[in-house]
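Reviewing the structure listed below.
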Amino acid sequence: MFSFFKSNPIKKLEKKKQDLLSKAHKLSHTDRKAADELMMKADEIEKQIVDLLDKK
């Protein structure tokens, strides 16, 4: 009945990935290791998004 109130997990993951990529870009100028870790986390989230899209 109120399906428009349900959150979309893909959109949440995409926002989280964008936040991580933004932070990684800022960190890449000062702390390359921390930036690489954030990029790795963003890559894992991208894999989750692909898995969710494949299930549809």
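Residues that are farther than 18 Å from Leu52 by Cβ and of a type in the set (Lys, Arg) within the range 14-30 comprise Lys23, Lys26, listed in sequence order. One residue alone among Ser3, Ser7, Ser22 is loosely packed, with under 14 Cβ neighbours inside 10 Å, of a type in the set (Gly, Ala, Ser) and at pLDDT 95 or above, and that residue is Ser22.
Here is a yes/no grid of residues against (1) part of a helix (DSSP H, G or I); (2) over 8 Å from the mean Cα position of the chain (by Cα):
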| residue | (1), (2) |
| --- | --- |
| Ser7 | no, yes |
| Lys16 | yes, no |
| Leu20 | yes, no |
| Ala34 | yes, yes |
| Glu37 | yes, yes |
| Lys47 | yes, yes |
| Asp51 | yes, yes |
| Asp54 | yes, yes |
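Figure legend. Inter-residue proximity from the range 28-41: first residues surrounded by 12 or more Cβ atoms within 10 Å (Cβ to Cβ), second residues assigned to a loop (DSSP other than H, G, I, E, B), beta-carbon distance below 8 Å, spacing 6+ or different chains. Indicated pairs: Ala35/Ser28.
The values are calculated or read from the model by the stated rules, or taken from the named source; none is laboratory data. Remember, it's a predicted structure, so these values are computed and weren't measured experimentally. Neighbour counts are summed over all protein chains in view; Cβ atoms, including those assigned to glycine, are modelled from backbone coordinates with ideal geometry.
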